[in-house]
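Inspection log for the structure reproduced underneath, given as structure tokens.
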Amino acid sequence: MEFNPTFTPYEMLELGIFDGSYYLDTNPDFDRKPIITKTNLFMEGASQPLEVWQERGWITPEDPMGWFQWYLRYYQGRRIEALDAHQIKRWRSFGARHGAQVKKNGNGDLSKRLKQRQALLHWGFDPIPDLDIPNKFEFLSNKMKKTVDICS
């Protein structure tokens, strides 16, 4: 089953996901010290609390912190065939639905569709599918740095 996220888990953390609070850099899942940006790239508070994920059945016993924990472990080489197929199916469905909406309605305006852009980034998808840019990580990293500079 094809699985090719736009960003690695480490790039996602560096760009800004889960308001910087999802994982601590001391988490034993990390095989190296990651850069964890403390704010979301597009929108603060864009994700739902862990309790909602649990109520909706999105949490598996193997990965009690959810999809991102699964992805990090998958990226590091862990394989559980049935679980991997299930999570990749969820990933594919999420990206197809939200990526198409951002591409259709974002019009290259990074002030539009902020929650969907942030959610796409949470899932490792391209959050700017409406922009034709060769190196999206570099572009988004520079966007983040400019935002920090403006706010400082």
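Each value in this text was obtained by applying a stated rule to the coordinates, not by laboratory testing. Just so you know, these numbers come straight off a predicted model, no measurement behind them. No Cβ is skipped: glycine too gets one built from the backbone with ideal geometry, and neighbour counts run over all protein chains shown.
Approximating the spin labels as points 7 Å out from Cα along Cα→Cβ, the Glu62-to-Asn135 distance works out to 3.5 nm. Quick one: helix 136-151 against the long Cα principal axis of the chain, what's the angle to the nearest 10°, folded into 0 to 90? The helix 136-151 is inclined about 60 degrees to the chain.
Taking a ≥ b ≥ c as the square roots of the eigenvalues of the Cα gyration tensor of segment 1-145, is the shape rounded (a/c under 1.5), prolate (a/b larger than b/c) or oblate? Verdict is prolate for segment 1-145.
Distance between the modelled labels on Glu55 and Gln101, one decimal in nanometres: 2.0 nm (7 Å Cα→Cβ projection). Computed 3J(HN,Hα) for segment 52-62, one whole-Hz value per residue from the Karplus formula 6.51 cos²θ - 1.76 cosθ + 1.60 where θ = phi - 60°, is 5, 4, 5, 4, 8, x, 8, 9, 10, x, 5, glycine and proline marked x. Dividing the mean sequence gap of close Cα pairs (under 8 Å, 6+ apart) by how many residues the chain holds gives a relative contact order of 28 percent. Close amide H contacts of Thr60 (hydrogens built in the peptide plane, cut-off under 5 Å, sequence separation of 5 or more or a different chain): Gly66. In straight-distance terms, cross-link reach from Lys143 covers every one of the lysines whose alpha-carbon lies under 25 Å from its own, apart from those fewer than eight places away in the same chain; here that gives Lys33, Lys38, Lys103, Lys104, Lys112, Lys115.
Placing +1 on the Cβ of each Lys and Arg and -1 on the Cβ of each Asp and Glu in segment 9-151, which of Ala82, Trp123, Phe94 has its Cα farthest towards the positive end of the resulting dipole? With unit charges placed on the Cβ atoms, the residue in question is Phe94.
I need the shape label for segment 40-122. Rule: rounded when a/c is under 1.5, else prolate if a/b > b/c, else oblate, with a, b, c from the alpha carbon gyration tensor. It is prolate, given that a/c is not under 1.5 and a/b is the larger ratio. Under the convention that each Lys and Arg Cβ holds +1 and each Asp and Glu Cβ holds -1, the size of the dipole of segment 9-151 around its Cα centre is about 440 debye.
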